[in-house]
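Colleague: Below is the structure I would like to discuss, written out as structure tokens.
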Amino acid sequence: MLFYKTQAPQKVLLIDDVVTTGQTMHRAAEALHKAGAQKIFALAVARVEKL
């Protein structure tokens, strides 16, 4: 993750290779929101299905 000394970007695209529970994406989005990002978009290449 990049950290900015002045201001976080307002729009962010999170990209993950595989989503299992979604917690990593959720925590990253929370951190970006707390840093000042106003719009956060998420993209995952694959998702693990529940068995």
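The values are calculated or read from the model by the stated rules, or taken from the named source; none is laboratory data. In this text the structure is predicted, and so the values were computed from the model without any measurement. Heads up, the Cβs are rebuilt from the backbone with ideal geometry, glycines too, and the neighbour counts pull from every protein chain shown.
Colleague: Please go through the range 12-51 and pick out each residue that is touching a Lys or Arg at 6+ places or on another chain (Cβ under 6 Å) and surrounded by 13 or more Cβ atoms within 10 Å (Cβ to Cβ).
Modeller: Result: Val19, single match.
Colleague: Could I ask something else about it? Pairs please, first residue from the range 9-23 and touching a residue at least 40 places away in the same chain (Cβ under 8 Å) and closer than 21 Å to Lys50 by Cα, second anywhere and among the β-branched types (Val, Ile, Thr) and in a loop (DSSP other than H, G, I, E, B), Cβ atoms under 7 Å, 6+ apart in sequence or on different chains.
Modeller: Sorted first by the residue in the range 9-23, then by its partner, the list stays empty.
Colleague: Answer with yes or no whether Ala37 is in a loop (DSSP other than H, G, I, E, B) and at pLDDT below 90.
Modeller: No; evaluated as a whole, the condition is false for this residue.
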